[in-house]
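K.L.:
Here you go, one structure.
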Amino acid sequence: MSFKNLKNTKPELDSLKKKKQFSLRGENLLDLKRMQILKLLREYSKDYFNLRLEMREHFLENIKLLKKAYETIGIRKINRIANLTKTTLEPEIEITYIHSMGIDVPKIELILPKKKFPTYSYSSTTLYIDILIKKLREILKIIMKLAESDYLLYHVAEENKKVTRRIDALDEIIIPRLSASILTITEILNDEEREEFIRMKNIKEFLDIEKD
């Protein structure tokens, strides 16, 4: 919005007043949007940190199971089982987006292959291996949810920055400039009106004198 070369006229003044009203309405709408975004930020932050805590608890539990498995059948055997299992596990990730609040919200789905026969013998391994594999599948799903939550949190925070910058621009630059321009033109027009009044009064007095 340019404030240069303003005309000291009544139409220009009316135009500036309309622009100021429009800017004030826009500021109010943006402020409402920012309040909604801040509410979302609080909700997403809570979900994000809850998921991080849940993931941490699962990791600690899996580490305990892995240590027990090491103690029972040894690290070499577990490494062989891990390498064999890796060849049969081919997970896929499907990502879809939903547009909401000006943000593309991702939905990440982990597609695990159908259960197959294990790559190890039940008789020569420990129960901890079975539990650990099941727990690892669960933690993969938590990681997907955490990725969604992290994405949302980041982009909602960025959207909040954009809205805040727009509000600041209106509040600190555009509206004050409009107000100053309105005041300046109003004062000039009032001065011109007074001058015109005095001029007309002088003309009237002169004509009255001439008449007499």
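The values are calculated or read from the model by the stated rules, or taken from the named source; none is laboratory data. Model, not experiment: these values are computed from the prediction. Glycine also receives a Cβ, built like all others from the backbone with ideal geometry; neighbour counts cover every protein chain displayed.
Yes/no per residue for (1) at pLDDT 90 or above; (2) over 46 Å from the mean Cα position of the chain (by Cα); (3) surrounded by fewer than 11 Cβ atoms within 10 Å (Cβ to Cβ):
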{"residue": "His155", "(1), (2), (3)": "no, no, no"}
{"residue": "Ile167", "(1), (2), (3)": "yes, no, no"}
{"residue": "Ile182", "(1), (2), (3)": "yes, no, no"}
{"residue": "Arg194", "(1), (2), (3)": "no, yes, yes"}
{"residue": "Ile198", "(1), (2), (3)": "no, yes, yes"}
{"residue": "Asn202", "(1), (2), (3)": "no, yes, yes"}
{"residue": "Glu205", "(1), (2), (3)": "no, yes, yes"}
{"residue": "Asp212", "(1), (2), (3)": "no, yes, yes"}
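K.L.:
What do you reckon, is Ser45 surrounded by fewer than 17 Cβ atoms within 10 Å (Cβ to Cβ), among the small types (Gly, Ala, Ser) and within 14 Å of the chain's Cα centre (by Cα)?
P.N.:
Yes; evaluated as a whole, the condition is true for this residue.
K.L.:
For residues that are modelled with pLDDT under 75 and either closer than 20 Å to Ile139 by Cβ or surrounded by fewer than 10 Cβ atoms within 10 Å (Cβ to Cβ) (or both), tally how many sit in segment 85-109. Reasoning before the result, please.
P.N.:
From segment 85-109, those modelled with pLDDT under 75 are 85-91, 100-103; that's our starting set.
From what is left, the residues that are either closer than 20 Å to Ile139 by Cβ or surrounded by fewer than 10 Cβ atoms within 10 Å (Cβ to Cβ) (or both) are 85-91.
The qualifying residues number 7.
K.L.:
Another one. Report yes if some residue within segment 110-124 is modelled with pLDDT under 75, farther than 30 Å from Gly74 by Cα and hydrophobic (A, V, I, L, M, F, W, C); otherwise report no. Walk me through it before giving the result.
P.N.:
Within segment 110-124, the subset modelled with pLDDT under 75 is 112-124.
If we keep only those that are farther than 30 Å from Gly74 by Cα as well, we get none.
Within segment 110-124, none of the residues are modelled with pLDDT under 75, farther than 30 Å from Gly74 by Cα and hydrophobic (A, V, I, L, M, F, W, C).
K.L.:
Look at segment 160-200 and say how many of its residues are of a type in the set (A, V, I, L, M) and free of Cβ contacts under 8 Å to residues at least 12 places away in the same chain.
P.N.:
Of all residues in segment 160-200, those of a type in the set (A, V, I, L, M) come to 163, 167, 169-170, 173-175, 178, 180, 182-183, 185, 188-189, 198, 200.
Retained after the next criterion (residues that are free of Cβ contacts under 8 Å to residues at least 12 places away in the same chain): 169, 173, 180, 183, 198, 200.
The number of residues fulfilling the criteria is 6.
K.L.:
For the subset of segment 45-76 comprising residues that are small (Gly, Ala, Ser) and out of contact with any Phe, Trp or Tyr (no Cβ under 6 Å at 6 or more places or on another chain), which member is modelled with the lowest pLDDT?
P.N.:
At the first step, the residues of segment 45-76 found to be small (Gly, Ala, Ser) are 45, 69, 74.
Next cut, out of contact with any Phe, Trp or Tyr (no Cβ under 6 Å at 6 or more places or on another chain) only: 45, 74.
Details: Ser45: 92, Gly74: 83.
The residue in question is Gly74.
K.L.:
Return the residues of segment 141-158 that are touching a helix residue (DSSP H, G or I) at 6+ places or on another chain (Cβ under 6 Å) and of a type outside the set (S, T, N, Q); say none if nothing qualifies. Break it down into steps so the answer makes sense when it comes.
P.N.:
So the first thing to find is which residues in segment 141-158 are touching a helix residue (DSSP H, G or I) at 6+ places or on another chain (Cβ under 6 Å), and the list is 142, 145-146, 149, 152-153, 156.
The answer is Ile142, Lys145, Leu146, Leu152, Leu153, Val156.
K.L.:
Which condition breaks for Lys4 when tested against (1) over 30 Å from Lys145 (Cβ atoms); (2) surrounded by fewer than 15 Cβ atoms within 10 Å (Cβ to Cβ); (3) modelled with pLDDT of 90 or more?
P.N.:
Checking Lys4 against (1) over 30 Å from Lys145 (Cβ atoms); (2) surrounded by fewer than 15 Cβ atoms within 10 Å (Cβ to Cβ); (3) modelled with pLDDT of 90 or more, the one that fails is (3).
K.L.:
Out of all the residues in segment 45-75, which are under 19 Å from Leu127 (Cβ atoms), in a helix (DSSP H, G or I) and of a type outside the set (A, V, I, L, M)?
P.N.:
Those that are under 19 Å from Leu127 (Cβ atoms), in a helix (DSSP H, G or I) and of a type outside the set (A, V, I, L, M): His58, Glu61, Asn62, Lys64, Lys67, Lys68, Tyr70, Glu71, Thr72.
K.L.:
While we're on this one: Could you say whether any residue in segment 134-151 is in a helix (DSSP H, G or I), small (Gly, Ala, Ser) and within 22 Å of His99 (Cα to Cα)? Please lay out each step first, then the result.
P.N.:
So in segment 134-151, the residues in a helix (DSSP H, G or I) come out as 134-151.
Adding the requirement that they be small (Gly, Ala, Ser) leaves 147, 149.
Right, trim to within 22 Å of His99 (Cα to Cα) and you get 147, 149.
Looking through segment 134-151, at least one residue is in a helix (DSSP H, G or I), small (Gly, Ala, Ser) and within 22 Å of His99 (Cα to Cα).
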